[in-house]
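To keep things clear, I will list the structure first and then write my remarks on it.
The numbers here are math on the coordinates, done by the rules we state, and not lab data. Only a predicted model underlies this, so the values are computations on that prediction, with no experimental measurement involved. Cβ placement follows ideal geometry from the backbone for every residue including glycine, while neighbour counts extend to all protein chains displayed.
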Amino acid sequence: MLVEATMALSILTILGLLLLKLSLNVLYPRQWTLQQTLSDAYLTYEIAYAQRIPFETLTGNSSPWPMFPATATTTVEIGKIPGGRSVNATVVRTRIADPDNYPIDGGTGTVSTNPSAMKVWEVQSILSYQIAGRNYVKSRTVVRSQ
């Protein structure tokens, strides 16, 4: 009788551990999806910021997007996951002048290649973050012109 009870308890323990492992396997992809959603939401903010910043501020010396090859690196909190744990990421920003911009605007254009004196910039934000020991990088580029 004691042997049968011990065997039954052992089988129930193994079954319980197996079910726990299976339930955790279901939760891991949800955690990854949640963090992907957080990073996409933050990049949406970056796009909106790049589109609404005044052109004078964007191209000025104190721009949040310095002229390439210079970059501005910032650590940001992109959100919180269940349990209150913060998810942090690193944002690297830069802006790249169109080759047809005039030399004063970072390009090599001339009156013949840029007769309307357009100023065109690629504004780039690169977000890097880590999930479960793996590194991920996402980027968004906005083209601004004046």
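For the chain, what is the calculated [θ] at 222 nm in deg cm²/dmol (nearest 500), taking -39500 (n - 2.57) for each run of four or more DSSP H residues and dividing by its residue count?
After summing the helix terms and dividing by the residues of the chain, the value is -14000 deg cm²/dmol.
Could you identify which residue out of Val92, Val111, Val120 has the top mean-square fluctuation in a GNM of the chain using Cα springs shorter than 10 Å?
Comparing Val92, Val111, Val120 in a Gaussian network model of the chain, the most mobile one is Val111.
Find the relative contact order for the chain and round it to a whole percent, using C-alpha pairs within less than 8 Å whose residues are 6+ positions apart.
Value for the chain: 18 percent.
For a protection proxy built on the mean count of beta-carbon atoms within 10 angstrom, sort 9-21, 56-68 highest first, please.
56-68, 9-21
Let me know the Kirkwood hydrodynamic radius for region 9-92, please, with Cα pairs as the basis and the value in Å to one decimal.
16.4
Among Gly79, Met1, Ala89, which residue has its Cα positioned farthest towards the positive end of the charge dipole of the chain, with +1 placed on the Cβ of Lys and Arg, -1 on the Cβ of Asp and Glu, and the dipole taken about the Cα centre?
Sorting the options by dipole projection puts first Met1.
Rg and Dmax of region 2-145, using alpha carbons, in Å: what are they?
Over region 2-145's Cα set, Rg and Dmax evaluate to 25.1, 96 Å.
How far, in nm, would the chain grow between Val111 and Ser23 when pulled straight, counting 0.36 nm per residue and subtracting the alpha carbon separation?
This chain segment gains 25.1 nm when fully extended.
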